[in-house]
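Undergrad: Please see the structure below; I have some questions.
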């Protein structure tokens, strides 16, 4: 049983770590009846690093929850069943990077490494927030001068090449901007804070020989937040909230200065402003809202530059009805062929059903890429693609380190509360 579980979950170090600790208990004969007994046993073994890791992951209820909720698994585990489909498409195309012509004028097809400023060039003017690119090499005085010309606090900052909400922050004053600039290892963009109340994701695909495409997924997003009861501290609210169970240490570090804060009854405190699933955002299915009006909006966006054939639009709007009318919305991100169809989450799908949807999308990705290949957009050669992937790994590793070290600014919650009161 142990061997089987290990093979199935080999990429999930958390689970394997716990299983191995149980075996250690049997080998070294300390009873595993409670967290304290495991802690004491590990201290007897003088394994402080193991103890620190165990303290983070040892809750039995957390383990059971994680094993029975595939959505919480590391992405490498979730994708294991459909790796053969990806390999098959590589063989059919005779290219490891078969997907690169999918969005032909985006670097790497938008899989990874494309800049936000480059993507915005393929969207209609006014369909995305006002943005300014900031070089990380500028002095803070130069940054402040640039920002002061076009923006008022609060505004958004995020990496020009980013993913999963890393280093996304809302800046409320010059002190926060200076700290962000000092902490940011790469170029970033300053962007208007979009105050529309609803954020949605639309997964859209279109074949190059057609003027109309298909919306395969439509979901709304909710912040990772807690609500005050007038008695509990922020730490107590976070500890009691199931959605934070695997992110508690991260949230404690990011909100260290507010852990003893007692929230007024009914007041919301946002723990993460990045509405990515990987950053704690909640995805809600609104497939029933898909119709011809909604499709026309995204057909027009896709046809604007004849480039955006396969990917996911993340945007904010006043309402779904206004979005269908093509008004009062702003596109925050466009994620190309590396985008995950978020509608596999939040719909109650089994892992098998989710994998089937992913495999279907990959098949369409192959066909769109093949069509664009026939139009003269070649696959990226192996060496160039491999070099690009290595660059991206290094880039995102540095962003993770910076993101862990930079707190979520407390002023942002005051801003968010004000925006909510205005829009509800």
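The values are calculated or read from the model by the stated rules, or taken from the named source; none is laboratory data. Values in this document were obtained by computation on a predicted structure and should not be read as measured data. Neighbour counts run over all protein chains shown; Cβ positions are idealised from the backbone, glycine included.
Undergrad: Scanning for something under 30 Å from residue 389 (Cβ atoms) and out of contact with any helix residue (DSSP H, G or I) (no Cβ under 7 Å at 6 or more places or on another chain), does segment 141-157 turn up at least one residue? First the steps, then the outcome.
TA: Filtering segment 141-157 for residues under 30 Å from residue 389 (Cβ atoms) gives 156-157.
Those still in the list that are out of contact with any helix residue (DSSP H, G or I) (no Cβ under 7 Å at 6 or more places or on another chain) too: 156.
Yes, the conditions are met somewhere in segment 141-157.
Undergrad: Sticking with this structure for a sec: Only one of these conditions is not met by residue 108: (1) at pLDDT 95 or above; (2) closer than 21 Å to residue 361 by Cβ. Which number is it?
TA: (1)
Undergrad: Here is a further query. Just to be sure before I move on: is residue 218 touching a helix residue (DSSP H, G or I) at 6+ places or on another chain (Cβ under 9 Å), part of a loop (DSSP other than H, G, I, E, B) and at pLDDT 90 or above in the structure I sent? If you could, list the steps in order and put the result at the bottom.
TA: Numbers: touching a helix residue (DSSP H, G or I) at 6+ places or on another chain (Cβ under 9 Å): yes; part of a loop (DSSP other than H, G, I, E, B): no; at pLDDT 90 or above: yes.
So residue 218 fails the test.
Undergrad: Among the residues of segment 235-249 satisfying the criterion of being in a helix (DSSP H, G or I) and modelled with pLDDT under 75, which is surrounded by the most Cβ atoms within 10 Å (Cβ to Cβ)? Write out each step before concluding.
TA: First, pick out the residues of segment 235-249 that are in a helix (DSSP H, G or I): 235-239, 242-244, 248-249.
With modelled with pLDDT under 75 added as a condition, the list becomes 242-244.
Numbers: 242: 9, 243: 15, 244: 21.
That would be 244.
Undergrad: Is it the case, given these coordinates, that residue 102 is crowded, with 21+ Cβ neighbours inside 10 Å, touching a residue at least 12 places away in the same chain (Cβ under 8 Å) and over 20 Å from the mean Cα position of the chain (by Cα)?
TA: Details: crowded, with 21+ Cβ neighbours inside 10 Å: yes; touching a residue at least 12 places away in the same chain (Cβ under 8 Å): yes; over 20 Å from the mean Cα position of the chain (by Cα): yes.
So residue 102 passes the test.
Undergrad: Out of all the residues in segment 221-234, which are modelled with pLDDT of 80 or more and under 30 Å from residue 291 (Cβ atoms)?
TA: Taking segment 221-234 as the starting set, the residues that turn out to be modelled with pLDDT of 80 or more are 221, 226-234.
Scanning segment 221-234 gives a single hit, 221.
Undergrad: Taking residue 188, is it within 23 Å of residue 357 (Cα to Cα), buried (at least 20 other Cβ atoms within 10 Å of the Cβ) and modelled with pLDDT of 85 or more? Break it down stepwise before answering.
TA: Values: within 23 Å of residue 357 (Cα to Cα): no; buried (at least 20 other Cβ atoms within 10 Å of the Cβ): yes; modelled with pLDDT of 85 or more: yes.
For residue 188, the condition - within 23 Å of residue 357 (Cα to Cα), buried (at least 20 other Cβ atoms within 10 Å of the Cβ) and modelled with pLDDT of 85 or more - is not met.
Undergrad: Has segment 149-163 got at least one residue that is modelled with pLDDT under 95 and over 26 Å from residue 272 (Cβ atoms)?
TA: Looking for residues that are modelled with pLDDT under 95 and over 26 Å from residue 272 (Cβ atoms), one finds at least one in segment 149-163, hence yes.
Undergrad: Can you spot a residue in segment 193-207 that is out of contact with any strand residue (DSSP E or B) (no Cβ under 6 Å at 6 or more places or on another chain) and under 30 Å from residue 99 (Cβ atoms)?
TA: The initial filter retains those residues of segment 193-207 that are out of contact with any strand residue (DSSP E or B) (no Cβ under 6 Å at 6 or more places or on another chain), namely 195, 197, 206-207.
From what is left, the residues that are under 30 Å from residue 99 (Cβ atoms) are 206-207.
Yes.
Undergrad: Hey, residue 77 hits all of (1) modelled with pLDDT of 95 or more; (2) assigned to a helix (DSSP H, G or I) but one; which does it fall short on?
TA: For residue 77, the failing item is (1).
Undergrad: Restricted to segment 286-310, and to residues that are within 21 Å of residue 344 (Cα to Cα) and touching a helix residue (DSSP H, G or I) at 6+ places or on another chain (Cβ under 6 Å), which residue is surrounded by the fewest Cβ atoms within 10 Å (Cβ to Cβ)? Show your work before the answer.
TA: Applying the first criterion (within 21 Å of residue 344 (Cα to Cα)) to segment 286-310 yields 286-291, 294-295, 298, 309-310.
Those still in the list that are touching a helix residue (DSSP H, G or I) at 6+ places or on another chain (Cβ under 6 Å) too: 289, 294, 309-310.
Values: 289: 16, 294: 20, 309: 28, 310: 27.
Once the filter is applied, the top-ranked residue is 289.
Undergrad: In contact (Cβ under 8 Å) with a residue 60 or more places away in the chain, in contact with a helix residue (DSSP H, G or I) (Cβ under 6 Å, 6 or more places away or on another chain) and farther than 30 Å from residue 295 by Cα: is that true of residue 212 in this structure?
TA: Details: in contact (Cβ under 8 Å) with a residue 60 or more places away in the chain: yes; in contact with a helix residue (DSSP H, G or I) (Cβ under 6 Å, 6 or more places away or on another chain): yes; farther than 30 Å from residue 295 by Cα: no.
No, not satisfied.
Undergrad: Given the criteria in contact with a helix residue (DSSP H, G or I) (Cβ under 7 Å, 6 or more places away or on another chain) and farther than 25 Å from residue 104 by Cα, does residue 359 qualify?
TA: Working: in contact with a helix residue (DSSP H, G or I) (Cβ under 7 Å, 6 or more places away or on another chain): yes; farther than 25 Å from residue 104 by Cα: no.
So residue 359 does not fit the description; no.
Undergrad: For residue 224, only one of the following conditions fails: (1) surrounded by fewer than 19 Cβ atoms within 10 Å (Cβ to Cβ); (2) within 28 Å of residue 315 (Cα to Cα); (3) touching a helix residue (DSSP H, G or I) at 6+ places or on another chain (Cβ under 9 Å). What is its number?
TA: Of (1) surrounded by fewer than 19 Cβ atoms within 10 Å (Cβ to Cβ); (2) within 28 Å of residue 315 (Cα to Cα); (3) touching a helix residue (DSSP H, G or I) at 6+ places or on another chain (Cβ under 9 Å), only one is false for residue 224: (1).
Undergrad: Still on this structure, please answer the following. Only one residue in 377, 416 is surrounded by 13 or more Cβ atoms within 10 Å (Cβ to Cβ), out of contact with any helix residue (DSSP H, G or I) (no Cβ under 8 Å at 6 or more places or on another chain) and either at pLDDT 95 or above or not in a helix (DSSP H, G or I) (or both). Which one? Step through it out loud before you land on a result.
TA: On the way: 416 fails: either at pLDDT 95 or above or not in a helix (DSSP H, G or I) (or both).
Checking each option against the conditions leaves just 377.
Undergrad: Just the residues that are surrounded by 21 or more Cβ atoms within 10 Å (Cβ to Cβ), without any contact (Cβ under 8 Å) to a residue 60 or more places away in the chain and over 22 Å from the mean Cα position of the chain (by Cα), please, taken from segment 145-180.
TA: Within segment 145-180, 177 is the sole residue that qualifies.
Undergrad: Kindly evaluate residue 186 against the criterion of being in contact with a strand residue (DSSP E or B) (Cβ under 6 Å, 6 or more places away or on another chain), under 14 Å from residue 407 (Cα atoms) and in contact (Cβ under 8 Å) with a residue 24 or more places away in the chain. Give the steps one after another, and end with the answer.
TA: Details: in contact with a strand residue (DSSP E or B) (Cβ under 6 Å, 6 or more places away or on another chain): yes; under 14 Å from residue 407 (Cα atoms): no; in contact (Cβ under 8 Å) with a residue 24 or more places away in the chain: yes.
Spelling it out, it is not the case that residue 186 is in contact with a strand residue (DSSP E or B) (Cβ under 6 Å, 6 or more places away or on another chain), under 14 Å from residue 407 (Cα atoms) and in contact (Cβ under 8 Å) with a residue 24 or more places away in the chain.
Undergrad: In addition: Considering only segment 343-355, I want to know if a residue exists there that is under 15 Å from residue 122 (Cβ atoms) and surrounded by 20 or more Cβ atoms within 10 Å (Cβ to Cβ).
TA: No.
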